[in-house]
Every structure is written in C-alpha cells, then in structure tokens.
1. What pairs come out if I take residues in segment 134-148 that are at pLDDT below 95 and pair them with residues that are surrounded by fewer than 10 Cβ atoms within 10 Å (Cβ to Cβ) and not polar (S, T, N, Q) whose C-beta lies under 6 Å away, six or more apart or interchain?
2. State which residue pairs qualify: first residue within 11 Å of Asp101 (Cβ to Cβ) and inside segment 19-34, second residue surrounded by 15 or more Cβ atoms within 10 Å (Cβ to Cβ) and acidic (Asp, Glu) in any location, beta carbons under 8 Å apart, and separation of 6 or more residues or different chains.
3. May I ask you to list the residues in segment 1-18 that are within 28 Å of Leu121 (Cα to Cα) and touching a residue at least 24 places away in the same chain (Cβ under 8 Å)?
4. Pick from segment 95-106 the residues that are out of contact with any helix residue (DSSP H, G or I) (no Cβ under 7 Å at 6 or more places or on another chain) and not polar (S, T, N, Q): which of them is surrounded by the most Cβ atoms within 10 Å (Cβ to Cβ)?
5. Only residues in segment 57-76 that are on the phi < 0 side of the Ramachandran plot count as the first member; pair them with residues that are outside any helix (DSSP H, G or I), Cβ under 6 angstrom, at least 6 apart or cross-chain, and list the lot.
6. Can you pull out the residues in segment 112-132 that are assigned to a helix (DSSP H, G or I) and touching a residue at least 24 places away in the same chain (Cβ under 8 Å)?
7. I'd like the full set of residues that are within 18 Å of Glu109 (Cα to Cα) and either open to solvent by 50 Å² or more (accessible area, probe 1.4 Å) or under 13 Å from the mean Cα position of the chain (by Cα) (or both), limited to segment 28-42.
8. Working only within segment 107-143, note down all residues that are among the hydrophobic types (A, V, I, L, M, F, W, C), surrounded by fewer than 16 Cβ atoms within 10 Å (Cβ to Cβ) and farther than 22 Å from Tyr61 by Cα.
Amino acid sequence: NRLRQYQVGVLNSLLDPQVLARLIEFDARGDAEAYAPVELLSDVRGAVWTELERGGAIDPYRRNLQRGYLERLEFLMTDDSPPGQSNAYMDITPVDVSQSDIRAYVRGELTALDRAVRQALRRTNDRATRLHLEDVLVRIENILDPKK
C-alpha cells in the first residue's frame, strides 16, 4: 500500500489540473518547443503501460500503478468541485476542468489505452494479466460512459 501511495502521488502530481492547464496555456502561445499537454499525457500513458507494447505478464505493483492511473483519469473526467479547491494552498489561477481542453485530452488517452489493451489481450497468456486487462476495459468504459 505504501508503494502504491508513492506511485499514485507522482501520477497525481503529473496529471494535476493546474499542470495540464499551464501546459495548455504554453501550447496556446504557439511556442514550437513547448511541451504540449497531449505529449505529457501520451508520455505518462506510455510509461505506465509499457507492458502493453512488450507483452508478457504485468506484476502486482505495476497493476496497482495502472489502476491508480485510471483513477486519476476518472477524477479528471468527473470531478466537478469548484475550481481551485484541490490546490487552494497555492496562489494560482483556479482551473475549471469541465470548461477546459483537459477532458477532451483525457478522453483521447482513454480511447488510445482501450485500443492498446484490446491488442495486448490477444497476446497475453498470463491469467492474472488477462483478468487485470479485462477489468481495465470495464473501468475505461465506466469512465467514458458512467451512466451504464
């Protein structure tokens, strides 16, 4: 549990609405060298889900990290708390996630992950990994369509 807390803490810091909003602002300025929010999201997805490309079993620690990743994306897709609540201690402009590009970017990441998981499922023989990936698909579906 302690390791998972550290893993999720790093993910939550990287995928913080304030961080994503700043990257969107820098990207909007048109600086060709700016690190775009879609690049950050893609890089984090690639790092968290390396096993999908390589194939093979996913160990329990990586499965925990991957579930933490999904929980963070779900938060970004569903959080409707007033802007700035999560970072009230910082003197920064509040972010209204529902009115920014963040949800569109996150939806794109979930869709890309769904495709990658479906491909990986065809290649895996490890039962724990298979069950995990099947659960991931259900979680993604529930995040994208919470009314089901």
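1. none
2. Ile24/Asp101
3. Listed by number, the residues that qualify are Leu3, Arg4, Gln7, Val8, Leu11, Asn12, Leu14, Leu15.
4. Asp96
5. What qualifies is Ala57/Asp126; Arg72/Leu15.
6. So the first thing to find is which residues in segment 112-132 are assigned to a helix (DSSP H, G or I), and the list is 112-123, 127-132.
Of everything in segment 112-132, those that are assigned to a helix (DSSP H, G or I) and touching a residue at least 24 places away in the same chain (Cβ under 8 Å) turn out to be Ala112, Leu113, Asp114, Ala116, Val117, Gln119, Ala120, Arg123, Ala128, Thr129, His132.
7. Passing the criteria: Tyr35, Pro37, Val38, Glu39, Leu40, Leu41, Ser42.
8. Result: Ala112, single match.
The values are calculated or read from the model by the stated rules, or taken from the named source; none is laboratory data. Just so you know, these numbers come straight off a predicted model, no measurement behind them. For neighbour counting, all protein chains shown are included, and Cβ atoms are generated from backbone atoms with ideal geometry for every residue, glycine included. Surface accessibility is based on the protein's heavy atoms, side chains included, excluding ligands, DNA and RNA. Shrake-Rupley method; radii C 1.70, N 1.55, O 1.52, S 1.80 Å.
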